[in-house]
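Colleague: Quick one: structure below, then a few questions.
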Amino acid sequence: EMSSNKKLFVRALFDYDPNEDPTIPCKDAAVSFKRGDVLQIVSMEDDTWWQACHFMDSKSRAGLIPSRQLQERRDTPVKFTMQTSLFIHFPAGSRRSFRLGRKSSWAREAARSRRWSAGVHGSIRPPTYMEVIPYRRDPKDRHRLVVLVGPSGVGVNELKRRLLISDPDHYGVTVPYTTREKRRQESEGVDYHFVSIRLFEEEILNHRFIEYGRYQGHYYGTSVDAVHRVMAQGRVCLLDVHPSKIKRVYTSEFKPYVVFVKPPHIEELRLTRRRAKFISDDDDANPVRIFSEEDFEDMIELADAMENQYGHLFDKVIVNGDIALAFRELKAELKKIEEAEVQWISAD
Ligand code: 5GP
């Protein structure tokens, strides 16, 4: 819980526009903000209206914002009723499953279990504000680990690919480990490090993986050393994981910057994805991905579920309608955070 006797910073987990809030006592005394903004709380004395100012903006003055209590009362709890088990069987990144038509089925499964759990568990509190603390690091070593998350097909791998091509000296990726058989066109040390189950399990016990998971009966994981090696070259290490793994990646050593890639409205998905040539998450094997209407619905539903369950862990949300625009926005954001002195990390 937040305490009131120290300098308190929060990250807003919702958009707030006082012009659209009929309950605000005085619009001119209010502060508007976007989800993800960092606010300094000046006063929590009133139960309904707190006072806060934007931290980053020196011109910003303090004003009213809805208190946590008020915002919790306003939001519909059902939207945020989510069970942790929802994602347990959700393969991280699952970049290839769509070709085999598996994605749709487990996406529907997830949706079913969500509807089910919504009825069972009364109300989980909606996200409002999360307490954050400033974290300063050596200027030479800023934001060296960037985690990209998003539902399958949204374009996480394509964005990663574009970053790597755009500045190969600046960005790097790791080669993951797996226990599955090597496929004919793959090479050891390029696509994966192919290892035995015994070795993999030994490495788990030795804490050698920054994250790992199981998919289709095989282990997959990224080694801590591999991430170190990329960063030791002075590169930003790009990692894509399922959002359920973000917490594991967060350690005293790694403070990743987490970017959530979100699909746009369904109309825009239809416009931008039908004939898209570069959206495929697996373009070597499947250069043109044809999406069905159901794929769009699944993607949006999964994105919503991810955002509801893990949204408080995202530092930045990028909507990938037009891939060129999304790429430019991502690149600009990464440049901005590398220059920033402070990173805001969760207080707990
Ligand atoms: P494939 O066996 O077709 O190369 O990959 C299948 C799936 O393995 C991917 O879609 C992804 O879900 C998972 N995978 C690949 N690399 C990693 C990794 O480093 N960590 C985790 N947790 N899963 C991975």
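Colleague: Would you check which residues across the range 298-330 are more than 16 Å from the chain's Cα centre (by Cα) and part of a helix (DSSP H, G or I) and list them?
Modeller: Within the range 298-330, ASP298, ILE323, ALA324, LEU325, ARG328 meet the criteria.
Colleague: Further, regarding this structure: Only one residue in SER152, SER117 is farther than 24 Å from VAL261 by Cα, at pLDDT below 95 and not β-branched (Val, Ile, Thr), so which one is that?
Modeller: Only one candidate passes the filter, namely SER117.
Colleague: Pairs only if they're at least six apart or on different chains, beta carbon under 6 angstrom, first in the range 191-218 and over 20 Å from LEU239 (Cα atoms), second within 11 Å of the ligand (Cβ to nearest atom) and of a type in the set (A, V, I, L, M, F, W, C); list them, first residue then second.
Modeller: Once the first residue is over 20 Å from LEU239 (Cα atoms) and sits in the range 191-218, no partner that is within 11 Å of the ligand (Cβ to nearest atom) and of a type in the set (A, V, I, L, M, F, W, C) comes close enough.
Colleague: Sticking with this structure for a sec: Mind listing just one residue for me: the one in the range 176-188 that is assigned to a loop (DSSP other than H, G, I, E, B), in contact with a His (Cβ under 9 Å, 6 or more places away or on another chain) and near the ligand (Cβ under 9 Å from one of its atoms) and, of those, nearest to ARG328 (Cα to Cα)?
Modeller: Restricting to residues being assigned to a loop (DSSP other than H, G, I, E, B), in contact with a His (Cβ under 9 Å, 6 or more places away or on another chain) and near the ligand (Cβ under 9 Å from one of its atoms), the top hit is PRO176.
Colleague: Taking the stated definitions as given, is LEU64 touching a helix residue (DSSP H, G or I) at 6+ places or on another chain (Cβ under 7 Å) and touching a residue at least 40 places away in the same chain (Cβ under 8 Å)?
Modeller: Yes: the conditions hold for LEU64.
The values are calculated or read from the model by the stated rules, or taken from the named source; none is laboratory data. Keep in mind the model is a prediction, meaning the values are calculated, not measured. So basically every Cβ, Gly included, is an ideal-geometry build from the backbone, and we count neighbours across all protein chains shown.
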